Amino acid sequence: MTLLMERSVNEAAAGSPAPTSGSPAFAPFRNPAFAVLWGATVVSNVGTWMNDVAAGWLMTTLASSPLLVALVQTATTLPIFLFALPAGALADIVDRRKLLIAAQVSLAIIIVLLGLLVLFELMTPPLLLLFIFLAGSGAALTVPAWQAIVPRLVPRQDLQAAIALNSVGINISRAIGPAVGGFIIAAFGIAWPFLLNALSFLGIIAALIWWRQQPSVGRHLPAERFVSAIRAGLRYVRHSASLRATLMRAVAFFVFASAYWALLPLIVREVLAGGPQLYGILLGCIGAGAVGGAFLLPRLRAALGADRLVALGTIGTALVLLIFALVPDQRIAAAASLLAGISWIAVLSSLNVSAQLSLPDWVRARGLAVFVTVFFGAMSGGSLLWGQTASLLGIPATLAIAASGAVLTIPLTWRWKLQLGAQMDLSPSMHWPAPAVAGEIADDRGPVIVTVEYRIDPAERKAFLAAMADLSAVRRRDGAFAWGMFEDAANPARYIEHFMVESWLEHLRQHERVTHADRVLQEHVRRFHRGDKPPEITHLLAAHPDDVMLLSSSHPEP
């Protein structure tokens with residue numbers, strides 16, 4: 001759950017586009033809700049890192065197979081891959097605070113049972129993997145909800161500072177937790193990190209019960225249905241070029257970076273001849289490196305840009321893998337772990353910002369849930385791959401292969417640029433007027449076809465159709481499941497655009513989803529239209545025997 005909390009809090013703080021003007025570094029602490037939840041999360045993350053150290057080390061005592069040890073990482077990340085998208089849809093349609101409380105209570109119960117089984121020496125490798133999977137499943141429910149609530153904890157002008165503070169808090173816990181976990185294992189036994197982690201959930205539960213979020217404003221339509229919300233989220237991701245580019249870069253990095261996360265317990269035991277304390281120290285060094293890297297990021301990002309920063313972080317990760325493979329020295333391994341933390345935070349933060357900038361508020365939880373799914377899917381698949389490879393070829397050879405693959409991804413993925421949405425205003429424009437109708441229409445009536453008739457100068461046909469291709473992606477992202485463009489065979493100046501949505505209510509949601517960036521594109525398309533009147537809009541409803549078909553009057557809607 002350590003990586004989960006990094007995704008769910010740090011990247012959640014970027015839930016809205018950051019303001020251009022800065023604010024004091026500690027300004028978010030002036031907001032009591034942020035301060036309380038930040039402190040509770042740091043304490044809980046310390047416990048979670050202790051838990052992860054204990055789980056990884058426990059498996060090495062229960063089984064010596066590299067594949068089983070790597071499966072600990074897989075069992076941690078696989079639930080996020082499986083359940084993040086449904087959790088994102090759930091976070092958009094239920095009370096997020098109550099969802100988070102229920103998830104934290106469930107997690108506390110699961111970890112208590114895990115600790116008791118270890119305490120009474122009843123744990124087996126399959127049972128350990130099962131409990132790790134259950135804990136990961138409960139944690140998966142919290143990822144999108146955390147992402148959605150953090151922007152409500154601070155005013156807009158403090159968001160940038162809140163991002164930095166969350167990064168610092170998370171990595172402070174990463175620096176402290178593993179070292180403390182290793183000490184507790186050595187001093188008191190391997191069950192106690194689990195039991196102490198269960199207690200750490202109480203702080204977050206209490207903080208969430210105390211916090212009262214402000215109600216959402218600006219939305220007047222009923223909440224989306226669960227399955228429809230999932231489809232809408234997937235549709236948006238499919239038709240968002242900037243988010244797709246981010247996902248491609250994420251897969252390329254995380255598959256190879258997962259090698260040292262999955263094999264680190266065995267690197268410590270077999271390559272470095274260390275114990276649980278060294279394992280905790282190396283994880284703590286990774287956390288310390290990430291803390292230091294968080295303070296370096298603004299300058300590095302300004303000097304290099306997102307794409308070069310990710311390339312630099314990838315090279316740093318490859319170097320770490322080679323050091324672990326070729327230099328069996330504990331002190332050098334600790335220094336390499338510092339570099340691993342710096343490289344990790346550089347890549348992860350750049351990818352997360354890129355994903356955030358690609359998403360408007362209405363689909364933020366679901367879009368970020370897809371990013372999390374890809375992230376943890378790559379980590380899970382990579383863990384399996386490197387665990388099996390280590391079983392066949394040994395740890396040093398496996399790490400060398402992973403390092404080579406990481407470097408090769410840089411030129412192979414360079415065409416997918418990051419942060420393409422940085423200059424887009426994805427806040428709702430609300431410039432579409434309510435469609436005029438002849439009578440009341442049931443929300444679930446549908447499907448609905450919307451047509452837009454344009455009159456175009458034939459000499460501008462090529463430029464117009466290129467602009468319409470861009471507009472088609474907007475229509476589909478906002479809810480259309482079909483889109484088409486037709487030209488009149490008898491009149492080369494007449495073109496008709498049509499798009500289809502599932503229901504009348506879904507079309508009304510399109511009115512709320514259209515952004516200022518969409519408005520700019522629509523105005524660009526409108527400039528091709530010739531004539532005194534705006535393009536003619538028609539709404540058509542599917543006709544059923546028991547329904548009265550209602551046609552809207554033409555309306556100047558984009």
Quiz item: Along the principal axes of its C-alpha atoms, what lengths does the stretch 277-352 span, in descending order and rounded to whole Å?
Solution: 36, 22, 18
Quiz prompt | Cα principal axis extents for the stretch 176-286, largest first, Å | solution = 59, 41, 23
Quiz item: Among rounded, prolate and oblate, which fits the stretch 325-401 when a ≥ b ≥ c are the square roots of the eigenvalues of its C-alpha gyration tensor, a/c under 1.5 means rounded, and a/b larger than b/c means prolate?
Solution: oblate
Quiz item: In sequence order, what are the phi-derived ³J(HN,Hα) couplings for the stretch 37-54 according to the Karplus relation 6.51 cos²θ - 1.76 cosθ + 1.60 with θ = phi - 60°, rounded to whole Hz, with x for glycine and proline?
Solution: 5, 4, x, 5, 5, 4, 4, 5, 5, 4, x, 5, 5, 4, 4, 5, 4, 5
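Keeping all protein chains in place, calculate the accessible area per residue for the chain (probe 1.4 angstrom), answer in Å².
40 Å²
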Quiz item: Distance from the Cα centre of the stretch 342-403 to that of the stretch 106-126, in angstrom?
Solution: 28 Å
Quiz item: Among the lysines, which fall within straight-line cross-link reach of Lys417, defined as a Cα-Cα distance under 29 Å, with same-chain neighbours fewer than 8 residues apart omitted?
Solution: Lys462
Exercise. Please give the peptides 26-36, 374-384, 187-197 ranked by average Cβ packing (other Cβ atoms within 10 Å per residue), highest first, as a rough proxy for protection.
Key: 374-384, 187-197, 26-36
Practice problem: Quote the convex hull volume per residue of the stretch 229-313, based on C-alpha atoms, as a whole number of Å³. | Solution: 150 Å³
Quiz prompt | For the stretch 192-296, size of Cβ-based charge dipole, Lys and Arg +1, Asp and Glu -1, in debye | solution = 600 debye
Quiz item: What residues qualify as long-range amide H neighbours of Ile456, i.e. H under 5 Å apart, gap of 5 or more or another chain, H built at 1.01 Å from N?
Solution: Arg494, Tyr495, Arg530
Exercise. For the stretch 124-131, just list the computed ³J(HN,Hα) in residue order, Karplus coefficients 6.51, -1.76 and 1.60, θ = phi - 60°, integers in Hz, with x standing in for Gly and Pro.
Key: 10, x, x, 5, 4, 4, 5, 5
Quiz item: Given Gly305, Ser358, Gly439, which one lies farthest toward the positive end of the charge dipole of the chain, if we put +1 on the Cβ of every Lys and Arg and -1 on the Cβ of every Asp and Glu?
Solution: Gly305
Quiz item: By average Cβ neighbour count within 10 Å, what is the ranking of 68-80, 112-124 from highest down?
Solution: 68-80, 112-124
Quiz item: Over the Cα atoms of the stretch 41-80, how large are the radius of gyration and the largest Cα-Cα distance (Dmax), in Å?
Solution: 11.4, 34
Quiz item: For the stretch 494-534, with the dipole built from +1 on Lys and Arg beta-carbon atoms and -1 on Asp and Glu ones, taken about the Cα centre, which of Gln522, Val501, Pro534 lies farthest toward the positive end?
Solution: Pro534
Self-check item: Computed log₁₀ I(q)/I(0) - Debye formula, equal Cα scatterers, no solvent, the stretch 432-500, q 0.13, 0.17, 0.25 Å⁻¹
Solution: -0.47, -0.74, -1.18
Practice problem: Determine, for each peptide in 179-185, 385-391, the mean count of other beta carbons within 10 angstrom over its residues, then list the peptides with the highest first. | Solution: 179-185, 385-391
Quiz item: If one takes the longest principal axis of the Cα atoms in the chain, at what angle in degrees, from 0 to 90 and to the nearest 10, does the Cα axis of helix 241-266 lie?
Solution: 10 degrees
Quiz prompt | Volume in Å³ per residue [convex hull over Cα atoms, computed for the stretch 46-118] | solution = 94 Å³
Practice problem: Note the angle between two axes, namely the Cα long axis of helix 159-188 and the longest principal axis of the Cα atoms of the chain, as a number of degrees from 0 to 90, rounded to the nearest 10. | Solution: 30 degrees
Exercise. Leaving ligands, DNA and RNA out of it, report the carbon-plus-sulfur percent of the accessible area of the chain at a 1.4 Å probe.
Key: 66 percent
Practice problem: Using all C-alpha to C-alpha distances in the stretch 271-420, build P(r) with 5 Å bins and read off the rounded percent in each one. | Solution: 2, 9, 14, 19, 21, 16, 10, 5, 2, 1, 0
Self-check item: Whole-number D in µm² s⁻¹ for the chain, Kirkwood Cα-pair radius fed into Stokes-Einstein, 4 °C, 1.567 mPa s
Solution: 52 µm²/s
Quiz item: Given the protein chains as shown and a 1.4 Å probe, how many square angstrom of Tyr236 are accessible, to the nearest 10?
Solution: 10 Å²
Practice problem: In whole Hz, with x marking every Gly and Pro, tabulate ³J(HN,Hα) for the stretch 288-297 from phi via Karplus 6.51 cos²θ - 1.76 cosθ + 1.60, θ = phi - 60°. | Solution: 5, x, 5, 4, x, x, 4, 6, 7, 4
Practice problem: Quote the charge dipole size of the chain about the Cα centre in Debye, to the nearest 20; the model charges only the Cβ of Lys and Arg (+1) and of Asp and Glu (-1). | Solution: 940 debye
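The values are calculated or read from the model by the stated rules, or taken from the named source; none is laboratory data. Given the structure is predicted, the values throughout are model-derived calculations rather than measurements. With ideal geometry, Cβ positions are generated from the backbone for all residues, glycine too; neighbour counts draw on all protein chains shown. With ligands, DNA and RNA removed, areas are computed over all heavy atoms of the protein, side chains included. Shrake-Rupley method; radii C 1.70, N 1.55, O 1.52, S 1.80 Å.
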